[in-house]
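The values are calculated or read from the model by the stated rules, or taken from the named source; none is laboratory data. Please read these numbers as outputs of a predicted model, since none were measured by experiment. Virtual Cβ from ideal backbone geometry, glycine too; neighbours counted across all protein chains shown. Note: areas computed on protein heavy atoms with side chains; ligands, DNA, RNA excluded. Shrake-Rupley method; radii C 1.70, N 1.55, O 1.52, S 1.80 Å.
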Amino acid sequence: MALGKDYAQQQCSIARALEVVGERWTLLVVRDAFYGVRRYSDFLAHLGAPRAVLAGRLQSLVDAGVLDRRRYQDSPPRDEYVLTERGLALWPVLWALGAWGRTEIPGTLPMRRFHHAACGTELDLGAACPACRVPVAPADIEMRPGDGLDPDPADPVARALLAPRRLLTPLDPTAA
């Protein structure tokens, strides 16, 4: 039997979640939103997704309540995309997927390292601080470059993400 284009008939929580975040670019958009990317042009520069695909993914994430679209400029009209509570709830999914990729895909070097901002300790595979023995919320995580990160990236978003920064802090690639 051929695999359908959606999971609407599936009565499974994983299948239902894949309806929202299971498309190829979607989790990368959400990942970048955690990194502080908010503007369409910055998502486009960093992800390299086709324009129509990116616009569709952003709209589907807004429709699903994962992102909120907020106007930051009226003339010409420009919007930014900010994680909602529903979007923030995806952090453990992204963390677990990244941890799985680092441990289970041979030759994978960490692109970024994540530290507890309060004490500077690198988080463990469960997104907890081994020193403080507490799980760490995204707003309390500092992201630093890892060994696998290109030290001289071409796009301005990737260059801005070379500096240590807290997750969820709005990114301004022009300031880098």
TODO: Provide the net charge surrounding A175, with neighbours chosen by a C-beta distance below 14 Å and charges set as Lys +1, Arg +1, Asp -1, Glu -1.
DONE: +2
Open item on the list: Using only the heavy atoms of the protein chains and a 1.4 Å probe, how would E85, E122 rank by accessible area, largest first?
Closed with: E85, E122
Task: Label selected from (i) 25, 23, 16; (ii) 26, 20, 16; (iii) 31, 26, 18, the criterion being semi-axes √(5λ) of the Cα gyration tensor in Å as computed here - done: (i)
- [ ] Find the cysteines in the chain that fail to meet the 4.7 Å Cβ criterion with every other cysteine, and list them.
- [x] C12, C119
Task: Rounded to whole Hz, the Karplus (6.51, -1.76, 1.60) HN-Hα couplings of segment 141-153, x for glycine and proline - done: 10, 9, 9, 10, x, x, 5, x, 7, 5, x, 9, x
Open item on the list: I'd like to know which of Q10, A175, C132 lies farthest towards the positive end of the charge dipole of the chain, counting +1 on Cβ of Lys and Arg and -1 on Cβ of Asp and Glu.
Closed with: Q10
Task: Estimated inter-spin distance, D152 and T108, nm [label 7 Å along Cα→Cβ] - done: 2.8
Task: Accessible area per residue in Å² at 1.4 Å probe, computed on the chain - done: 59
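In terms of solvent-accessible area of protein heavy atoms at a 1.4 angstrom probe, what is the ranking of S60, S41, S13, highest value first?
On the way: S60 45, S41 70, S13 95 Å².
The most accessible residue leads, giving S13, S41, S60.
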TODO: Heads up, I need the accessible area for I14: 1.4 angstrom probe, whole protein in place, Å², nearest 10.
DONE: 120
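Hey, what did the chain get for relative contact order, percent, Cα under 8 Å, at least 6 apart?
Working: 235 pairs, mean separation 34.9, N = 176.
About 20 percent, as a whole number.
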Open item on the list: Quick check for you: which residues of segment 110-142 have the amide N under 14 Å from the point 7 Å beyond the Cα of R166 toward its beta carbon?
Closed with: 115-120, 137-142
- [ ] For segment 77-176, give the percent of accessible area contributed by carbon and sulfur heavy atoms, probe 1.4 Å, rounded to a whole number.
- [x] 57
- [ ] In nm, give the distance between the simple-model label positions of T174 and A118, each being 7 Å from the Cα along the Cα-to-Cβ direction.
- [x] 3.7
Task: Sequence-distant residues sharing a close amide H with T121 (under 5 Å, placed H) - done: H116
Task: Vicinal HN-Hα couplings computed from phi for segment 154-167 (Karplus, 6.51 cos²θ - 1.76 cosθ + 1.60; Hz; Gly/Pro x) - done: 7, 8, x, 5, 4, 5, 5, 7, 6, 7, x, 7, 7, 4
Open item on the list: With a 10 Å cut-off between alpha carbons and a GNM built on the chain, which of T26, T108, T121 moves the most?
Closed with: T108
TODO: For R57, tell me the accessible area in Å² from a 1.4 Å probe, rounded to the nearest 10.
DONE: 60
Task: Two-site FRET efficiency, Q9 against R86, from Cβ-Cβ distance with R₀ of 30 Å, rounded to 0.05 - done: 0.80
Task: Hz values of 3J(HN,Hα) by residue in segment 119-135 - Karplus curve (6.51, -1.76, 1.60), Gly and Pro given as x - done: 10, x, 6, 5, 5, 8, 5, x, 6, 10, 8, x, 6, 8, 6, 9, x
